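Below: one structure in structure tokens.
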Amino acid sequence: MYGMTPFGRTGFDLFDLFNDMDCGSRQMSVNSCRTDIKDAGDKYIMESELPGFEKEDIKLDIEGGYLVLSAEHNTENENKDDDGQYIRRERTFGSYRRSFDIGEVDTEGISAEYKNGILKIELPKKKHETPAVKRLEIK
């Protein structure tokens, strides 16, 4: 994969994948949502680690020529004593957003599954037709 240009990008660098993050009020670290992309011949397989997220927290959108993966996570823990006074109260919020160039992907065939904290997306490659050979008549 190092010498290839997944999703049709020129000048592709593995670290470019991690630079497409949007800043939220409190952003989750890149390490909390690692993504691997594998070339499986006729398709790309993308796996993103999203531990702690529910399927409903995750959105996949196609915007122009990009697949946009976003997730938002809110939790609130609250413990009170018998008088209703707080002993402990914790809240966390995290959001995540990444964009992937899918110019070489057949967008109609994209499928996704979320299981055990892993989002697996199958991105079928566009089929490139070989130009037909046609003999021209010489006059």
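Quick check on E49: is it farther than 26 Å from D106 by Cβ and at pLDDT 85 or above?
In short, no.
Of the residues in region 70-117, how many are over 30 Å from K38 (Cβ atoms) and of a type in the set (F, W, Y)?
The qualifying residues number 2.
Could you list, ordered by first residue, the pairs with Cβ atoms under 7 Å in which the first is in region 31-53 and in contact (Cβ under 8 Å) with a residue 12 or more places away in the chain and the second is part of a helix (DSSP H, G or I) and not charged (D, E, K, R), at least 6 apart or interchain?
So the pair list comes out as T35/L17; I37/P6; D39/P6; Y44/P6; S48/C33; E49/C33; L50/C33.
Counting only residues that are surrounded by 16 or more Cβ atoms within 10 Å (Cβ to Cβ), in contact with a Gly (Cβ under 9 Å, 6 or more places away or on another chain) and of a type in the set (V, I, T), which one in region 59-112 is farthest from H128 (Cα to Cα)?
Only one residue fits best here, namely I102.
Yes or no: K120 free of Cβ contacts under 8 Å to residues at least 60 places away in the same chain and either surrounded by 10 or more Cβ atoms within 10 Å (Cβ to Cβ) or not acidic (D, E) (or both)? Before you say what the answer is, go through the steps one by one.
On the way: free of Cβ contacts under 8 Å to residues at least 60 places away in the same chain: no; either surrounded by 10 or more Cβ atoms within 10 Å (Cβ to Cβ) or not acidic (D, E) (or both): yes.
The answer is no for K120.
Look at E113 and say whether it is farther than 19 Å from I45 by Cα and either among the charged types (D, E, K, R) or modelled with pLDDT of 90 or more (or both).
no
Got a number for residues in region 67-110 being in a strand (DSSP E or B), under 30 Å from M46 (Cα atoms) and not β-branched (V, I, T)?
16
The values are calculated or read from the model by the stated rules, or taken from the named source; none is laboratory data. Worth saying up front: this structure is predicted, and the values here are computed from it rather than measured. Every residue, glycine as well, gets a Cβ built from its backbone with ideal geometry; the counts of neighbours run over all protein chains shown.
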